[in-house]
Amino acid sequence: MLNPRIITIIVIIAVAALFRFLPTPPNFAPVAAMAMFGGAYFADKRLAFLLPLAAMLISDLFLGFHGLMWAVYLCFIAMVGIGILVSRKKTFGTVVAGALSGSILFFLVTNFAVWISGGGVFYPLTLEGLMMSYTAAIPFFHNTLAGDLVFTGVFFGGFELAQRYVPALSPARS
């Protein structure tokens with residue numbers, strides 16, 4: 001089960017989880033890319049969900065939890081699913097589309113969660129309040145988008161390049 005390909009994928013996910021401990025701009029994180037990468041490269045889809053989720057959970061044990069973790073984890077699970085879809089035809093376009101979709105999904109879901117969970121305290125529970133929640137989050141979106149694109153490019157591009165030069169990493173060998 002633990003061949004060089006799987007070990008390399010696990011190491012990339014572990015490094016991504018460790019990166020969460022480094023000081024970075026808000027929302028510039030490898031989390032979505034880590035989930036999408038796991039979904040795209042693990043042949044065993046149980047591992048595709050389990051290992052990135054475990055890496056996220058373990059790092060969150062040290063970083064802390066908050067009341068909206070359900071929204072973050074929901075997006076994370078969706079990113080694994082996007083990775084599975086991308087794996088069907090891995091091209092530059094599908095990988096970028098996956099990263100962009102994940103960024104937009106995270107923005108929409110987490111800011112909806114902020115709006116709905118505030119019970120009208122932060123934003124009125126109206127369409128106008130929802131739009132206020134989204135508007136307030138716009139300054140953070142560029143970091144989410146940049147982080148997702150950078151880390152997705154590094155993980156996918158680096159692994160694809162490594163597979164060219166290390167035959168043991170190719171899927172036919174796993």
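Just so you know, all these numbers are worked out from the coordinates, no wet-lab data involved. It should be emphasised that the depicted structure is a prediction, and the values quoted were computed from it without experimental measurement. Note that each Cβ is placed from the backbone with ideal geometry, even for glycine, and that neighbours are counted across all protein chains shown.
Things to note:
- Once the Kirkwood radius over Cα pairs is known for region 4-163, the Stokes-Einstein relation at 10 °C and 1.306 mPa s delivers a diffusion coefficient of 99 µm²/s.
- In range of the label at Leu68: residues from region 78-121 whose backbone nitrogen is under 17 Å from the point 7 Å along Cα→Cβ: 103-121
- Helix 127-165 vs. the chain, principal-axis angle (Cα, 0 to 90°, nearest 10): 10 degrees
- Relative contact order (%) - region 34-174, alpha-carbon pairs under 8 angstrom, separation at least six: 24 percent
- In angstrom, the C-alpha Rg and Dmax of region 72-169 are 16.9, 57.
- Listed peptides 31-39, 48-56 by packing density, highest first (mean Cβ within 10 Å): 31-39, 48-56
- The string of couplings for region 36-51 from the Karplus curve (6.51, -1.76, 1.60, θ = phi - 60°) is 5, 4, x, x, 7, 10, 6, 5, 7, 5, 5, 5, 4, 8, 5, 5 Hz, one whole number per residue in order, with x for Gly and Pro.
- Most to least packed among 90-98, 66-74, 110-118 [average Cβ atoms within 10 Å]: 110-118, 90-98, 66-74
- Footprinting exposure proxy for Ile6, Ile104 (fewest neighbouring C-beta atoms within 10 Å first): Ile104, Ile6
- Distance from region 125-174 to region 1-78 (C-alpha centre basis), Å: 12 Å
- Region 112-163: mean projected area of Cα convex hull, nm²: 4.4 nm²
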